[in-house]
Amino acid sequence: MRSLRHLQRLSKNLTKPIFKPTSPAPVGQKRRLKMRKIINGTRYDTEKAELLGTGTSGGSQSDFRYFHEELYKTPRSGKFFIAGEGHGMTRWARSMDGGNFRGWGEGILPISKAEALEWAEQYMDADEIEEHFPDLIQDA
């Protein structure tokens with residue numbers, strides 16, 4: 001049986017936002033996450049970077065497997081990164097209650113150009129991929 005102190009701590013954490021709903025983009029427009037983070041001395045800012053594509057798990061945002069990701073390219077150095085958010089069973093999840101619970105999280109993940117292409121192949125159409133990665137595409 002859990003101690004009273006543990007249950008008090010758990011209930012205190014429940015007052016913090018566990019699920020952060022976001023609104024979908026208007027019809028015909030891509031939704032943009034607003035994030036900024038400095039990683040290894042490099043600033044990654046979704047508002048300044050070029051949005052290349054979006055990917056989602058689909059379904060309801062209350063599903064613990066739900067995620068939304070966006071692929072970006074920085075304007076100055078041409079570095080790629082993914083900005084994403086997701087629920088407890090995604091790579092974006094955050095530990096809560098001392099690691100006993102995983103809930104809604106978000107973040108920025110720098111990736112290589114090859115990893116960006118791999119991500120694009122999963123979520124973008126052929127025309128978009130050819131536009132952004134012409135030097136990595138080969139005919140069969």
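Each row is one residue, and each column tells you yes or no for (1) touching a His at 6+ places or on another chain (Cβ under 8 Å); (2) at negative phi; (3) buried (at least 18 other Cβ atoms within 10 Å of the Cβ).
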{"residue": "S62", "(1), (2), (3)": "yes, yes, no"}
{"residue": "P75", "(1), (2), (3)": "no, yes, no"}
{"residue": "E85", "(1), (2), (3)": "yes, yes, yes"}
{"residue": "T90", "(1), (2), (3)": "no, yes, yes"}
{"residue": "W119", "(1), (2), (3)": "no, yes, yes"}
{"residue": "Q122", "(1), (2), (3)": "no, yes, no"}
{"residue": "A126", "(1), (2), (3)": "no, yes, no"}
{"residue": "A140", "(1), (2), (3)": "no, yes, no"}
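Return the total of residues in region 64-73 being of a type outside the set (A, V, I, L, M) and either touching a helix residue (DSSP H, G or I) at 6+ places or on another chain (Cβ under 8 Å) or at positive phi (or both). Can you show your working first?
Of all residues in region 64-73, those of a type outside the set (A, V, I, L, M) come to 64-70, 72-73.
Filter once more, so that each one left must be either touching a helix residue (DSSP H, G or I) at 6+ places or on another chain (Cβ under 8 Å) or at positive phi (or both): 69, 73.
Total satisfying the criteria: 2.
Of the residues that make up region 69-86, is at least one β-branched (V, I, T), out of contact with any Pro (no Cβ under 8 Å at 6 or more places or on another chain), modelled with pLDDT under 95 and under 19 Å from K34 (Cβ atoms)? Even if it seems obvious, please write down each step before you answer.
Of the residues in region 69-86, the ones β-branched (V, I, T) are 74, 82.
Okay, now just the ones that are also out of contact with any Pro (no Cβ under 8 Å at 6 or more places or on another chain), so 74, 82.
Then drop every residue that is not modelled with pLDDT under 95, which leaves none.
No, region 69-86 contains no residue that is β-branched (V, I, T), out of contact with any Pro (no Cβ under 8 Å at 6 or more places or on another chain), modelled with pLDDT under 95 and under 19 Å from K34 (Cβ atoms).
Quickly run through region 68-113 and pick out the residues that are charged (D, E, K, R), farther than 22 Å from L51 by Cα and not in a helix (DSSP H, G or I). I'd like the intermediate steps shown before the answer.
The first filter runs over region 68-113 and keeps only residues charged (D, E, K, R), leaving 69-70, 73, 76, 79, 85, 91, 94, 97, 102, 106, 113.
Now drop any that are not farther than 22 Å from L51 by Cα, which leaves 94, 97, 102.
Correct list: R94, R102.
Of all residues being farther than 16 Å from F67 by Cα and small (G, A, S) in region 96-105, which is surrounded by the fewest Cβ atoms within 10 Å (Cβ to Cβ)? Just the residue, please. Please lay out each step first, then the result.
Initial filter on region 96-105 (farther than 16 Å from F67 by Cα): 96-101.
Checking which are small (G, A, S) leaves us with 98-99.
Working: G98: 10, G99: 7.
Per the stated criteria, the residue is G99.
The values are calculated or read from the model by the stated rules, or taken from the named source; none is laboratory data. All figures in this text were calculated on a predicted structure; none of them were measured in a lab. Backbone-built Cβ (ideal geometry, glycine too); neighbour counts: all protein chains shown.
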